[in-house]
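First up is the structure itself, then whatever we jot down about it.
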Amino acid sequence: MNGLIRLEIDGHSPTPEELYFPALANYGHLTAFQVRSGRVQGLGLHLSRLASASLALFDTPLEPAHARSLLRHAVRDVPDAAVRVNVYQPAPDGPLSVLVAVRPPVYPSPAPLRLMSAPYQRPVAHIKHLGGFGQLYWGRAAVEHGFDDALLTGPDGSVSEAAVHNIAFFDGTHVVWPDAPALPGITMQLIEPLLPSRRVPVTLDDLGAYRAAFAANSIGVVPVTAIDEHVFDIDDALMARVGGALSSVPWDEL
């Protein structure tokens, strides 16, 4: 894994035998976030995501305090980092295992995104689950066609989310989040209530009704300047407001 600083499973460096299951099985869930000076934005939401997804997929609780202690241990001497947390169950009805990967910090792209629509929606979209072959496939296809990422859409052209981002549109008054199956990303959850937001179904045919668009994920927010052949202008005032909303969210001590 390029740039890996540390990898721990259940609070210790894994043996080769412990890596066997997560290397070969894709049933599980994850969360990912940035750490700055030992702090995380939306830490409570990340811990809640891990707990609720564990119950949904394994019918087994993952206590937030336990998850937090494992995260704190993994980044104990790394004040700034990008962290990914995978949760899986090596044995049926057995205890859960928590894999924490710590890598160098990642910062938002200075360049806007261009997205290629793809006829795909994530299964069980409300869970950030492992095994995302479809979104990876379409993300690679988008790059091969000269775009930055894929925009996932339903059979009727309804917009759901980008392969690794939530997407939002701006109609001049409201930030519009597509009302469709999608992951409720943590950054989206943090900024949606701080902006004049609403949920509305959005299709590819509706793109002309919006003056701007942006994408949000655990790395940050970035403007979107194209979806297929449709071009958006960058709305500097909008992006300043969105960036300001995210900057206003406190960083929680890990």
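The values are calculated or read from the model by the stated rules, or taken from the named source; none is laboratory data. If you're wondering where the values come from, they're calculated on a predicted model, not measured in any experiment. No Cβ is skipped: glycine too gets one built from the backbone with ideal geometry, and neighbour counts run over all protein chains shown. For the accessible areas, the whole protein counts, side chains as well, though only heavy atoms, and no ligand, DNA or RNA atoms are used. Shrake-Rupley method; radii C 1.70, N 1.55, O 1.52, S 1.80 Å.
Find the percent of Cα-Cα distances in segment 22-78 that exceed 14 Å, and round it to a whole number. For segment 22-78, the fraction of Cα-Cα distances above 14 Å is 59 percent.
A cut-off of 5 Å between modelled amide H atoms, ignoring neighbours fewer than 5 places along the same chain, links GLY185 with no other residue. A cut-off of 5 Å between modelled amide H atoms, ignoring neighbours fewer than 5 places along the same chain, links ASP252 with VAL40, GLN41, GLY42, LEU43.
Counting only heavy atoms of the protein chains and using a 1.4 Å probe, SER69 has close to 50 Å² of accessible surface. Scalar couplings 3J(HN,Hα) for segment 184-200, obtained by applying the Karplus form with A = 6.51, B = -1.76, C = 1.60 to θ = phi - 60°, are x, x, 5, 4, 4, 4, 6, 9, 4, x, 8, 10, x, 9, 8, 9, 9 Hz; x denotes Gly and Pro.
Output the antiparallel fraction of DSSP beta bridges having both residues in segment 120-254, as a percent to the nearest 5. For segment 120-254, the DSSP antiparallel bridge percentage is about 80. On a per residue basis, the chain carries 48 Å² of accessible surface, using protein heavy atoms and a 1.4 Å probe.
In terms of Cα atoms, the Rg and Dmax of segment 128-241 work out to 13.3, 38 Å.
For TYR20, the solvent-accessible surface computed with a 1.4 Å probe is close to 150 Å², ligands and nucleic acids excluded.
What's the local net charge at TYR137, with K and R +1, D and E -1, over the other residues with C-beta under 13 Å away? Once positives and negatives cancel, what remains is 0.
The largest accessible area among TRP251, TRP138, TRP177 belongs to the first residue in TRP251, TRP138, TRP177, and the rest follow in falling order (1.4 Å probe, all chains).
In order along segment 209-217, the phi-based Karplus estimate (6.51 cos²θ - 1.76 cosθ + 1.60, θ = phi - 60°) of 3J(HN,Hα) comes to 7, 10, 8, 7, 8, 8, 10, 9, 8 Hz; Gly and Pro are listed as x. The local environment of ASP156, defined by Cβ-Cβ distances under 15 Å, has a net charge of -3 under the rule Lys, Arg +1 and Asp, Glu -1. Estimated at the nearest 10 Å², the accessible area of GLU63 is 110 Å² with a 1.4 Å probe.
Each Lys or Arg adds one and each Asp or Glu takes one away; over the other residues whose Cβ falls under 13 Å from the Cβ of SER54, this sums to 0. Shape call for segment 85-128 from the C-alpha gyration tensor, a ≥ b ≥ c root eigenvalues: rounded (a/c under 1.5), prolate (a/b greater than b/c) or oblate? In terms of gyration-tensor shape, oblate.
Placing +1 on the Cβ of every Lys and Arg and -1 on the Cβ of every Asp and Glu, with nothing else charged, gives the chain a dipole about its Cα centre of roughly 540 debye.
Atom-type composition of the exposed protein surface of segment 97-201 places 59 percent of the accessible area on carbon and sulfur (1.4 angstrom probe). Working value for segment 5-162: equivalent-ellipsoid semi-axes of 28, 20, 15 Å, each the square root of 5 times a Cα gyration tensor eigenvalue, largest first. In this calculation the C-beta distance from HIS73 to ASP236 is compared with R0 = 25 Å, giving a FRET efficiency of 0.05.
A straight line joining the Cα centroids of segment 39-94 and segment 105-154 runs 24 Å. For ILE5, nonlocal amide neighbours, meaning residues 5 or more places apart or on other chains whose placed amide H falls under 5 Å from its own, are VAL102, ARG103.
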